[in-house]
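A quick write-up on the structure given underneath.
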Amino acid sequence: MSTQSTQQTARQPTMFGIEVPRCTSCNRPIAPDEKGVRFLCPNCGQAEIWRCEKCRKLGNTWRCPVCGFEGP
């Protein structure tokens, strides 16, 4: 019986061999042809925030994984 760690790291989804980003709000993969947006956290400037087209339209909130700042 082997002793493996029960904690697994989340892998980025791939599409046609390339890694696609995940929406910071809903955690859904963002396709290359989707009108998603990428920007740095306006509070700390360290984290890269990705938002899918649906979350942008609905105004869903997102949270910075570094400083905890929440945005619309």
Original post:
Could you give P(r) for segment 17-71, binned at 5 Å from zero, as whole percent values over all Cα-Cα pairs?
Top reply: 4, 22, 30, 23, 15, 5, 1
**OP:** Report, in debye and to the nearest 20, how large the dipole of segment 17-71 comes out about its Cα centre when Lys and Arg carry +1 and Asp and Glu carry -1 on their Cβ.
**Re:** 180 debye
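Any read-out appearing in this document is the output of simple, stated calculations on the displayed coordinates, not a laboratory observation. Model, not experiment: these values are computed from the prediction. Glycine gets a Cβ as well: all are built from the backbone with ideal geometry, and neighbour counts include every protein chain shown.
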